Amino acid sequence: RPWAPGQPPAAAAEAESAEEAGGRARRLRTAFSAEQISTLESSFQRHQYLGAAERRKLAGRMQLSEVQIKTWFQNRRMKLKRQL
């Protein structure tokens with residue numbers, strides 16, 4: 001299976017070996033760059049919830065998947081909730 005952007009080739013090999021072993025492969029944690037985090041945080045300050053169109057726009061601009069954007073926002077909302 002070819003490796004996906006944001007996933008190093010070694011991670012793709014690990015995922016394949018986990019699948020071959022009959023286990024379910026988990027996607028490795030995404031390491032966001034400082035620039036990506038800054039963009040995500042500024043977007044979060046404007047809107048804590050993203051619509052589909054805004055999520056697509058952010059994903060395309062930041063070279064991330066929509067699922068990664070959605071998950072980041074979910075995690076950020078939970079972080080805010082814990083802080084309050």
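The values are calculated or read from the model by the stated rules, or taken from the named source; none is laboratory data. Keep in mind that what you see is a predicted model, and the values were worked out from it rather than measured. Cβ placement follows ideal geometry from the backbone for every residue including glycine, while neighbour counts extend to all protein chains displayed. For the accessible areas, the whole protein counts, side chains as well, though only heavy atoms, and no ligand, DNA or RNA atoms are used. Shrake-Rupley method; radii C 1.70, N 1.55, O 1.52, S 1.80 Å.
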| query | Within the range 62-77, can you find the residues that are over 8 Å from the mean Cα position of the chain (by Cα) and assigned to a helix (DSSP H, G or I)? | reply | 62, 73, 74, 75, 76, 77
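Taking the options 76, 46, 55, 61, name whichever one is open to solvent by less than 50 Å² (accessible area, probe 1.4 Å), out of contact with any strand residue (DSSP E or B) (no Cβ under 8 Å at 6 or more places or on another chain) and charged (D, E, K, R). Please lay out each step first, then the result.
On the way: 46 fails: open to solvent by less than 50 Å² (accessible area, probe 1.4 Å); 55 fails: open to solvent by less than 50 Å² (accessible area, probe 1.4 Å); 61 fails: open to solvent by less than 50 Å² (accessible area, probe 1.4 Å).
Residue meeting the stated conditions: 76.
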